[in-house]
Amino acid sequence: MSDVTDTESIRLTAWVHGRVQGVGFRWWTRARALELGLIGSATNLPANRVEIVAEGPRAACEQLLDTLRSDAAPGEVEYVAEQWSQPKGDLSGFVER
């Protein structure tokens with residue numbers, strides 16, 4: 001099995017912890033993801049978390065992950081957990097939930 005290249009499609013699931021609800025975080029994430037050509041969703045979860053699911057080229061997903069962890073993110077990001085998997089191909093556009 002070969003290594004995943006930067007252009008091969010991949011699925012990133014990220015859980016962002018902190019003060020990230022009620023501060024425009026999902027809208028901001030959607031805008032960044034669309035700029036990177038990614039598809040997926042940003043969903044509020046209990047305990048002040050937001051779940052991000054994004055599919056597209058690995059390099060673009062890594063850039064989104066870096067952006068989520070940056071000082072540019074709205075609110076106060078305390079921690080971002082990540083999980084990588086094969087794309088499911090069941091997404092279109094990028095939606096806020």
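Bear in mind that the values in this text are calculations on the coordinates, not laboratory data. None of these values were measured; they are calculated from a predicted model. Cβ sites come from the backbone with ideal geometry, for glycine too, and all protein chains shown count toward neighbours.
Tabulated values for the structure
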item	result
Pairwise label distance in nanometres, Lys88 with Thr7, each label 7 Å out on the Cα-Cβ vector	2.8
Dimensions in Å of the chain - Rg and Dmax from alpha carbons	12.6, 43
Degrees between helix 58-68 axis and first principal axis of the chain (Cα, 0 to 90, nearest 10)	10
Residues Ala81 and Ala59, FRET efficiency given R0 of 22 Å [Cβ-Cβ distance, rounded to 0.05]	0.60
